[in-house]
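Comments concern the structure below.
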Amino acid sequence: MRWGMRWQPTGGIWPWVPSAAGKKGNLYLKTILWREITFFDKHTNTGEVVLRMSGDTVLIQDAMGEKVGKLFQLLVMFLGGFAVAFAQGWLLTLVIATIPLLVFAGAMAAVVIEHIIGSIRTVASFTREKQAVAKYNRPLKSAYSSGVSIRESLCH
């Protein structure tokens, strides 16, 4: 048996999961009820709808229970590891804590370049290459300057 919030019926998060799955089931029912009558004649029958609805609700409940428990477990592990690392060497911990900020800025640059490459014909047809490069450089410069400022503040 795996440990997690899903296996503790009296836990704080577990009672939330069935109600959320029930809400999803109600939404599913409302969606089905708004269908035209001919949909059931052509694509499915009543028994199949009931079977799918009950089966899908159980699947949602199982998935949400596992995911919420795993999220809670990983969050506690991360915060606990961060606290231990901070107690052992606070300066290195602060340096390591800045890495997600730099990764986020790099991800922003990746989104920009993906958008530009996806519409490269439009960029080229309007001769906007210089503006595209400038738009790509903005998040990179931001990441670089924030990394340099963090490094300087920690080193001095």
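Throughout, read-outs are computed from the coordinates displayed, never taken from laboratory work. In this text the structure is predicted, and so the values were computed from the model without any measurement. Here Cβ is always computed from backbone atoms with ideal geometry, including for glycine, and neighbour counts include all displayed protein chains.
Going by a ≥ b ≥ c, the root eigenvalues of the Cα gyration tensor, does the stretch 63-134 fall in the rounded group (a/c under 1.5), the prolate group (a/b larger than b/c) or the oblate group?
Values: a/c = 9.26, a/b = 1.96, b/c = 4.73.
Because a/c hits 1.5 or more and a/b fails to exceed b/c, the stretch 63-134 counts as oblate.
Exposure proxy check: Glu48, Glu36 ranked by fewest other beta carbons within 10 Å? Numbers along the way, then the final one.
Working: Glu48 11, Glu36 8.
Fewest-to-most Cβ neighbours within 10 Å comes out as Glu36, Glu48.
With viscosity set to 1.002 mPa s and temperature to 20 °C, compute the Stokes-Einstein D of the stretch 77-116, Rh being the Kirkwood radius across alpha carbon pairs; µm²/s, no decimals. Show your work: numbers first, answer last.
Details: Rh = 11.6 Å.
Reported coefficient: 184 µm²/s.
Which translational diffusion coefficient, to the nearest whole µm²/s, is obtained for the stretch 98-155 from the Stokes-Einstein equation, given a Kirkwood hydrodynamic radius over C-alpha pairs, 37 °C and 0.692 mPa s?
Numbers: Rh = 12.4 Å.
Estimated via Stokes-Einstein, D reaches 265 µm²/s.
Send over the semi-axes of the stretch 21-107's equivalent ellipsoid, whole angstrom and largest first, taken as the square roots of 5 times the C-alpha gyration tensor eigenvalues. The partial results should precede the final answer.
Numbers: eigenvalues 476, 51, 13 Å².
Largest first, the stretch 21-107 gives 49, 16, 8 Å.
Check cross-link reach from Lys23 to the lysines: straight Cα distance under 25 Å, and skip same-chain residues fewer than eight apart.
Those lysines meeting the cut-off are Lys67, Lys70.
Going by C-beta contacts inside 10 Å, put Met53, Met77 in order with the fewest on the left. Mind dumping the intermediate values first?
Values: Met53 15, Met77 10.
By the 10 Å Cβ count, ascending, the order reads Met77, Met53.
What order do you get for 64-71, 112-119 when each peptide is scored by the mean count of other beta carbon atoms within 10 Å, highest first?
Numbers: 64-71: 17.0, 112-119: 13.4.
Ranking the peptides 64-71, 112-119 by packing returns 64-71, 112-119.
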